[in-house]
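Have a look at the structure below before the remarks.
No value in this document is a laboratory result; all are computed from the given coordinates. Being a predicted model, the structure only gives us computed values, none of them experimental. Note that each Cβ is placed from the backbone with ideal geometry, even for glycine, and that neighbours are counted across all protein chains shown.
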Amino acid sequence: MFEFHKEKLFAYLMRMGGDYELSRDILQETFRRYLEHYSGSDASPSLLYTIARNAFVDQVRRQARQTPLDEEPCDRGNGAEHEMLIRESYHGVLDALKALAADEREVLSLAISSELSYQEIAEVMNLTVANVKVKVHRARKRIREILKGGQQ
């Protein structure tokens with residue numbers, strides 16, 4: 001189960017928070033919570049994403065109570081120009097995601113990363129399917145505007 005879902009859950013968490021180490025920690029916390037509370041049942045993707053979402057929200061609340069440290073992540077790359085361009089593009093997309101409203105970022109992250117249906121996303125986020133579709137559409141449109149150099 002872990003191997004099957006870990007990459008998609010990790011991608012979702014990266015889109016939500018943009019922090020590699022934090023995403024890894026929340027991924028571990030997600031599976032810990034799942035095993036602790038639901039180990040006897042089948043793992044539905046929507047249950048795992050709900051747990052991951054809740055773990056992310058818990059972490060955001062904890063961080064809000066702490067004083068942030070201003071530190072740049074170290075560059076672990078080999079300095080190749082191609083790798084640097086890819087990294088810049090990736091960070092540009094993450095920055096664009098951060099410019100979205102939290103609910104738009106979350107619903108778009110679920111739609112992109114999870115392979116969940118709109119119905120399942122609606123269940124995870126406690127929204128209607130129509131509302132999920134609208135939020136995904138608006139978030140995609142806003143990301144395009146931001147990446148083209150529009151308003152931030």
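Please state the equivalent ellipsoid semi-axes for segment 94-152: what are the square roots of 5 times the Cα gyration tensor eigenvalues, largest first, in whole Å?
Values: eigenvalues 91, 21, 16 Å².
Square roots of five times the eigenvalues give 21, 10, 9 Å.
For the residues Phe56, Phe10, what sequence is obtained by ranking on other C-beta atoms within 10 Å, fewest first? The partial results should precede the final answer.
Numbers: Phe56 21, Phe10 18.
Result, fewest neighbours first: Phe10, Phe56.
Tabulate in residue order the Karplus-calculated ³J(HN,Hα) for segment 116-122, using 6.51 cos²θ - 1.76 cosθ + 1.60 with θ = phi - 60°, rounded to whole Hz; enter x for Gly and Pro.
7, 6, 4, 4, 5, 4, 4
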